[in-house]
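Novice: Sharing a structure with you now.
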Amino acid sequence: MELSAAEEYAIRIIAAESALQHAKRDKAPNTLSVPPIPDGLWPAVRAELEAQSVIGYPANAIESLGLSPADQAEYLALAGKNLSGWYRLMMAQDSVLAEFRQADIPVAVLKGAAAAANYQQPNSRSMGDIDLIVPPDHFEQAFSLMERLGWENDIELEINPRHAGFKKAGCPEIELHRYFSTCTNKQQAYFLDQAIYDAIPRAEWTDVAGFSVPVLPPLENGLVLLAHVNQHLGSGLGLRQILDWQMFVDAYLTDELWERGFQHAAQQIGMEKLAVTTTWLCRTYLGLQTSATWFGEADAQLASDLLLYIMQRGNMGRKMERGAQATRTVLHSFRSPATLLRYLYEGGRAHWAPARKHAWLAPAACLYQVGHVIRKGLARNVNMSELVTDARSAQEDVDLLKRLEVTRM
């Protein structure tokens, strides 16, 4: 498969925006521009930017495209909605963080505002929910504080032990993490989580477009952003996660930091090749400008294949049919019995209330999830040829992950 015209143009717009921002920051002439958009292509390009959750990022480049007044107004409305959501989330986060500080609970923001801190225009980053993490011995205190503030825990920790999900009317969801890593390799998971725990007391309260945010030190924050790319490789990796990584590399990941500790840490969590490949992708396709050379031996073909993988899926798998996504997840999991069992068990408990109440129903929960996936397949009216296509695509995905040498599904 190859990139569509809309996908290629969306990538060129993002690269042009990156070049514009570099030129503005460095007070240098801009050397990259976007050719006039072909007639009728803009709606597909706009949809692509939305699917990749980067609609607000290339506002300056889009302004120079010469769109019709109607198309320009439509884009400005979408960018405005993105901006409004950004401030809504940041205000909710600001209120909660103030309570954490008052209660003297060490806390750091993961992804989200901590990623936006590296953008020249932080409020251009699309925001979804709020991810907070505290040291393990403060988790219960933080959990109780959230409840006292009127936030309701919507997912029991027994179902998802990684984090507690909190909701409150009119506010974005907050995920209070017990741990962050999703690595299937226990040693790699332990290294990443321990690095984050150790860094929380060293989090620096950073101004992000007028909001104070506790951001982990650069090395650990970079590991989180790299692991976030890794995390979404199975469920739907989008350009938003890639741009988060690009902004971190641009701001911090010099040859010195790479050699002083980041390379070793990336090796310990099984993501060195992912870091190298993704950075090559950013420099080649998305406008990253850096004097660093640590990623110079990257496999160019692998970077190209990773870009195609990203563009086919969209952020959170938005470009994939939901039934196909569930089927592919199961097919992915067959390469790891432990991963498959965890997917079936956790999915079954999430979709079947009795399994959450009675531990002895765990085997039945696995069977329930198998039925759930089958029902999704039937709802798609799939035939054998479509299942074969899903299986072939899943195998291609697995092959790509093997080439990237990652352990996450």
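Novice: State yes or no: is ALA44 in contact with an Asp or Glu (Cβ under 6 Å, 6 or more places away or on another chain) and in the same structural domain as ALA251 (by TED's automatic domain parsing)? Before the answer, list the steps.
Specialist: Values: in contact with an Asp or Glu (Cβ under 6 Å, 6 or more places away or on another chain): no; in the same structural domain as ALA251 (by TED's automatic domain parsing): yes.
No: the conditions fail for ALA44.
Novice: Does segment 149-181 hold any residues that are of a type in the set (Asp, Glu) and surrounded by fewer than 17 Cβ atoms within 10 Å (Cβ to Cβ), and which are they? Walk me through how you get there before you give the answer.
Specialist: Narrowing segment 149-181 to residues of a type in the set (Asp, Glu): 152, 154, 156, 158, 173, 175.
Listed by number, the residues that qualify are GLU152, ASP154, GLU156, GLU158.
Novice: Now for a separate question. Mind checking which residues of segment 224-257 are crowded, with 24+ Cβ neighbours inside 10 Å and among the aromatic types (Phe, Trp, Tyr)?
Specialist: Matches in segment 224-257: TRP245 only.
Novice: Exposed (fewer than 14 other Cβ atoms within 10 Å of the Cβ), in the same structural domain as SER181 (by TED's automatic domain parsing) and touching a strand residue (DSSP E or B) at 6+ places or on another chain (Cβ under 8 Å): does that describe GLU140? Reasoning before the result, please.
Specialist: On the way: exposed (fewer than 14 other Cβ atoms within 10 Å of the Cβ): yes; in the same structural domain as SER181 (by TED's automatic domain parsing): yes; touching a strand residue (DSSP E or B) at 6+ places or on another chain (Cβ under 8 Å): no.
No.
So that you can scan it fast, the table gives a plain yes or no per residue for (1) of a type in the set (A, V, I, L, M); (2) under 19 Å from TYR119 (Cβ atoms); (3) touching a residue at least 40 places away in the same chain (Cβ under 8 Å):
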site: GLU8; (1), (2), (3): no, no, no
site: GLN21; (1), (2), (3): no, yes, yes
site: THR31; (1), (2), (3): no, no, no
site: ASP39; (1), (2), (3): no, no, no
site: VAL45; (1), (2), (3): yes, no, no
site: ASP71; (1), (2), (3): no, no, no
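Novice: Among the residues in segment 3-16, are any assigned to a loop (DSSP other than H, G, I, E, B) and under 25 Å from the mean Cα position of the chain (by Cα)? Outline the logic, then answer.
Specialist: Filtering segment 3-16 down to residues assigned to a loop (DSSP other than H, G, I, E, B) leaves 3-4.
Going one step further and asking which of them are under 25 Å from the mean Cα position of the chain (by Cα), we end up with 3-4.
Yes: segment 3-16 contains one or more residues that are assigned to a loop (DSSP other than H, G, I, E, B) and under 25 Å from the mean Cα position of the chain (by Cα).
Novice: Okay, next question. Just give me the residues in segment 124-134 being surrounded by 21 or more Cβ atoms within 10 Å (Cβ to Cβ) and not small (Gly, Ala, Ser), in sequence order.
Specialist: Residues satisfying the conditions are ARG125, MET127, ILE130, ASP131, LEU132, ILE133, VAL134.
Novice: Of the residues that sit in segment 89-106 and are among the acidic types (Asp, Glu) and either touching a strand residue (DSSP E or B) at 6+ places or on another chain (Cβ under 8 Å) or in a helix (DSSP H, G or I) (or both), which one is nearest to ALA169 (Cα to Cα)? I'd like the intermediate steps shown before the answer.
Specialist: Taking segment 89-106 and keeping what is among the acidic types (Asp, Glu), we get 94, 99, 104.
Okay, now just the ones that are also either touching a strand residue (DSSP E or B) at 6+ places or on another chain (Cβ under 8 Å) or in a helix (DSSP H, G or I) (or both), so 94, 99.
Details: ASP94: 16, GLU99: 18 Å.
Restricting to residues being among the acidic types (Asp, Glu) and either touching a strand residue (DSSP E or B) at 6+ places or on another chain (Cβ under 8 Å) or in a helix (DSSP H, G or I) (or both), the top hit is ASP94.
Novice: What number of residues within segment 112-141 are assigned to a strand (DSSP E or B) and over 19 Å from the mean Cα position of the chain (by Cα)? Spell out the reasoning first.
Specialist: So the first thing to find is which residues in segment 112-141 are assigned to a strand (DSSP E or B), and the list is 130-133.
Among the residues that remain, those that are also over 19 Å from the mean Cα position of the chain (by Cα) are: none.
So the answer is 0.
Novice: Now for a different question. Select the helices (runs of 4 or more DSSP H) contained entirely in segment 175-270, then report the ones holding at least 1 residues which are over 21 Å from PRO135 (Cβ atoms) and small (Gly, Ala, Ser). Spell out how you get there, then give the answer.
Specialist: Numbers: elements: 186-199, 218-231, 239-251, 263-268.
Correct list: 239-251, 263-268.
Novice: Name every residue in segment 203-218 that is touching a residue at least 24 places away in the same chain (Cβ under 8 Å) and in contact with a helix residue (DSSP H, G or I) (Cβ under 6 Å, 6 or more places away or on another chain), in order of residue number.
Specialist: Residues satisfying the conditions are VAL208, ALA209, PHE211, VAL213, VAL215, LEU216.
Novice: A further question on this structure: With the condition kept exactly as written, say whether any residue in segment 154-171 is at pLDDT 95 or above, in a strand (DSSP E or B), under 16 Å from the mean Cα position of the chain (by Cα) and in the same structural domain as PHE211 (by TED's automatic domain parsing).
Specialist: Within segment 154-171, not a single residue is at pLDDT 95 or above, in a strand (DSSP E or B), under 16 Å from the mean Cα position of the chain (by Cα) and in the same structural domain as PHE211 (by TED's automatic domain parsing).
Novice: Do we have any residue at all in segment 277-297 that's of a type in the set (Asp, Glu) and not in a helix (DSSP H, G or I)?
Specialist: Yes.
Novice: While we're on this one: Can you tell me which residue among GLN231, GLN263 is more than 20 Å from HIS22 (Cα to Cα) and either over 19 Å from the mean Cα position of the chain (by Cα) or not assigned by TED's automatic domain parsing to the domain that holds TRP86 (or both)? Outline the logic, then answer.
Specialist: On the way: GLN231 fails: either over 19 Å from the mean Cα position of the chain (by Cα) or not assigned by TED's automatic domain parsing to the domain that holds TRP86 (or both).
So the residue among GLN231, GLN263 that is more than 20 Å from HIS22 (Cα to Cα) and either over 19 Å from the mean Cα position of the chain (by Cα) or not assigned by TED's automatic domain parsing to the domain that holds TRP86 (or both) is GLN263.
Novice: Now a separate question. Take VAL109 and tell me if it is assigned to a loop (DSSP other than H, G, I, E, B), surrounded by 23 or more Cβ atoms within 10 Å (Cβ to Cβ) and in contact (Cβ under 8 Å) with a residue 60 or more places away in the chain. First the steps, then the outcome.
Specialist: Values: assigned to a loop (DSSP other than H, G, I, E, B): no; surrounded by 23 or more Cβ atoms within 10 Å (Cβ to Cβ): yes; in contact (Cβ under 8 Å) with a residue 60 or more places away in the chain: yes.
It is false that VAL109 is assigned to a loop (DSSP other than H, G, I, E, B), surrounded by 23 or more Cβ atoms within 10 Å (Cβ to Cβ) and in contact (Cβ under 8 Å) with a residue 60 or more places away in the chain.
Novice: When residues of segment 42-66 are filtered for being assigned to a loop (DSSP other than H, G, I, E, B) and surrounded by fewer than 17 Cβ atoms within 10 Å (Cβ to Cβ), how many remain? Give the derivation first.
Specialist: Here is the first cut: in segment 42-66, the residues assigned to a loop (DSSP other than H, G, I, E, B) are 52-58, 64-66.
With surrounded by fewer than 17 Cβ atoms within 10 Å (Cβ to Cβ) added as a condition, the list becomes 64, 66.
Result for segment 42-66: 2.
Novice: Can you tell me which residue is farthest from GLY66 (Cα to Cα) among those in segment 23-41 that are charged (D, E, K, R) and part of a loop (DSSP other than H, G, I, E, B)?
Specialist: Within segment 23-41, the first condition is being charged (D, E, K, R), and the residues that meet it are 24-27, 39.
Subset that is part of a loop (DSSP other than H, G, I, E, B): 27, 39.
On the way: LYS27: 24, ASP39: 11 Å.
It comes out as LYS27.
Novice: Would you check if there is a residue in segment 189-204 being out of contact with any Lys or Arg (no Cβ under 6 Å at 6 or more places or on another chain), closer than 25 Å to ALA303 by Cα and of a type outside the set (Gly, Ala, Ser)?
Specialist: Yes, segment 189-204 has at least one match.
The values are calculated or read from the model by the stated rules, or taken from the named source; none is laboratory data. Remember, predicted model here, so these are calculated numbers, not experimental data. FYI the Cβ positions are ideal-geometry reconstructions off the backbone, even for glycines, and counts take in every protein chain you see.
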